[in-house]
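Asker: Can you read through this structure? Questions will come right after.
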Amino acid sequence: MSTLACACGKVEYEAIEPAILSVVCYCDDCQAGARRIEVLPNAPPVLDADGGTACVLYRKDRVRCTRGAELVTKLKLRDGTATNRLVATCCNSGLAMSFDDSKHWMPLFRARFRGPVRPLDLRICTRFAPDPGKIPHDVPTHKGFAFSLLWKLLGARLAMMLER
């Protein structure tokens, strides 16, 4: 079981292991969503120093808010988008992303984890990075979405279907 919490500790989530994957995404939407959170009063950083958004992906059926759900709000970049950025209103901490459509995974922001967190697996969508020269090459790096990411997401979906 992994735990993540907002900066002040009033909101907490639990995620049942194993995680699907740990990624840093540099896409335009992840950068814009992170910046939108970071301009909130006293908000802790969401973006890494190189401009990426670090997340650990879990099946959404394995993630639950255990404390402070009433303090969580959803931010959307655009009307009609399925993607929500979950923010703790008590301290403006970005926590995770959720989706209004049929996506079966939930990206949880790495910076909010308490204790050990899954090591980084991939860096994706690096063609959108503010300064590609600052991106570390410590794990496989992909200009777009990696086939291995899509394969892991498909495997997670199949596992969910088999467990029903």
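Asker: Each residue of the range 84-100 in order: what ³J(HN,Hα) in whole Hz does its phi give by Karplus 6.51 cos²θ - 1.76 cosθ + 1.60, θ = phi - 60°, with x for Gly and Pro?
Answerer: 10, 9, 8, 10, 7, 6, 5, 9, 6, 7, x, 10, 6, 10, 9, 10, 7
Asker: Counting only heavy atoms of the protein chains, get the accessible area per residue of the chain (1.4 Å probe) and round it to a whole Å² value.
Answerer: Numbers: 8370 Å² over 164 residues.
Dividing the accessible area of the chain by its residue count gives 51 Å².
Asker: Given the whole protein assembly as supplied and a 1.4 Å probe, what does the accessible area of Lys152 come to in Å², nearest 10?
Answerer: Ignoring ligands and nucleic acids, Lys152 comes out at about 90 Å².
Asker: Now a separate question. Calculate, in nm to one decimal, what Lys103 and Val39 gain on full extension: separation in residues at 0.36 nm each, minus their alpha carbon distance.
Answerer: Gain on extension, Lys103 to Val39, equals 20.3 nm.
Asker: Of all accessible surface on the range 37-161 at a 1.4 Å probe, what whole percent is carbon and sulfur?
Answerer: Exposed carbon and sulfur together represent 57 percent of the surface.
Asker: Any idea what % of Cα-Cα pairs in the range 47-164 are farther than 17 Å?
Answerer: Numbers: 4423 of 6903 pairs.
So the pairs more than 17 Å apart make up 64 percent of the total in the range 47-164.
Asker: Here's another thing I want to ask about it. Could you run the Karplus curve 6.51 cos²θ - 1.76 cosθ + 1.60 with θ = phi - 60° over the range 59-74 and give me ³J(HN,Hα) per residue in whole Hz, x for Gly and Pro?
Answerer: 4, 5, 6, 10, 10, 8, 7, 9, 7, x, 4, 5, 9, 9, 10, 9
Asker: Once phi is turned into ³J(HN,Hα) by the Karplus curve 6.51 cos²θ - 1.76 cosθ + 1.60 with θ = phi - 60°, what whole-Hz value does each residue of the range 30-41 show in order, with x for glycine and proline?
Answerer: After applying 6.51 cos²θ - 1.76 cosθ + 1.60, I find 5, 5, 5, x, 5, 4, 4, 6, 5, 7, 5, x Hz.
The values are calculated or read from the model by the stated rules, or taken from the named source; none is laboratory data. As the structure is a computational prediction, the values presented were derived from the model and not from experiment. These accessible areas exclude ligands, DNA and RNA; they are computed on the full protein's heavy atoms, side chains included. Shrake-Rupley method; radii C 1.70, N 1.55, O 1.52, S 1.80 Å.
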